[in-house]
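FYI, it's all coordinate maths here, none of it is from the lab. A quick note: this is a predicted structure, and the numbers were derived from the prediction, not measured. Cβ: placed from backbone, ideal geometry, glycine included. Neighbour counts: every protein chain shown.
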Amino acid sequence: MTRPPLPPFSRETALQKVRAAEDGWNSRDPERVALAYTPDSQWRNRSDFLQGRGAIVEFLTRKWEREHDYRLIKDLWAHDGNRVAVRFAYEWRDADGGWHRSYGNENWEFAADGLMARRIASINDLPIRDSERLFHWPQGIRPDDHPGLEALGL
């Protein structure tokens, strides 16, 4: 099985990988998201260290049980060969109704088949008021006409 585009990445194919990852995560479907990673993929997400699709599914299931109304935007930062760096922001609501914007950077390394073999994520959370929210689209994939991070000043 391959998951195009395959490395080495051009700017165009790196952008395709970034948007595919954003769309997958905005689906909030842990099983779907996990299929983008190698069976033994290694992750560092904040202070969590994971290995394998099963661990990814469990992690994402827990994440989206507590992060309601999740909406994510990813932007390409850099790429080289089989590696891609992105920056991202996502907004979500906690169980008490409080809104948050989480900012971060990810470093991705891909196997030759186009599956992600390693993901290293650093993330910071910021409480925001409802009036400060910037990600306004129906739950799911971000519409093509919705501004990205640069246009939103993030």
Quiz item: Under the rule of -39500 (n - 2.57) per DSSP H run of 4 or more residues, summed and divided by the residues of the chain, what mean residue ellipticity at 222 nm is obtained, to the nearest 500 deg cm²/dmol?
Solution: -7500 deg cm²/dmol
Quiz item: Can you put 38, 2 in order, fewest other beta carbons within 10 Å first?
Solution: 2, 38
Practice problem: Lys and Arg at +1, Asp and Glu at -1: add these up for the other residues within a Cβ distance under 10 Å of residue 108 and post the number. | Solution: +2
Exercise. Answer with one residue from 14, 73, 99: the one whose Cα lies farthest towards the positive end of the charge dipole of segment 11-132, charges on Cβ with Lys, Arg +1 and Asp, Glu -1.
Key: 14
Quiz item: In whole Å, how far is the Cα centre of segment 82-154 from that of segment 1-75?
Solution: 11 Å
Quiz item: Among rounded, prolate and oblate, which fits segment 77-154 when a ≥ b ≥ c are the square roots of the eigenvalues of its C-alpha gyration tensor, a/c under 1.5 means rounded, and a/b larger than b/c means prolate?
Solution: prolate
Self-check item: Per-peptide average of other Cβ atoms within 10 Å, ordering 89-95, 77-83 highest first
Solution: 89-95, 77-83
Quiz item: At what distance in nm do the modelled label points of residue 64 and residue 151 sit from each other, each positioned 7 Å from its Cα along Cα→Cβ?
Solution: 2.5 nm
Quiz item: Size of the dipole of the chain about the Cα centre, Lys and Arg at +1 and Asp and Glu at -1 on the beta carbon, nothing else charged, in debye to 20?
Solution: 240 debye
Self-check item: Percent RCO, i.e. relative contact order, over segment 1-152, from Cα pairs under 8 Å lying at least 6 residues apart
Solution: 27 percent
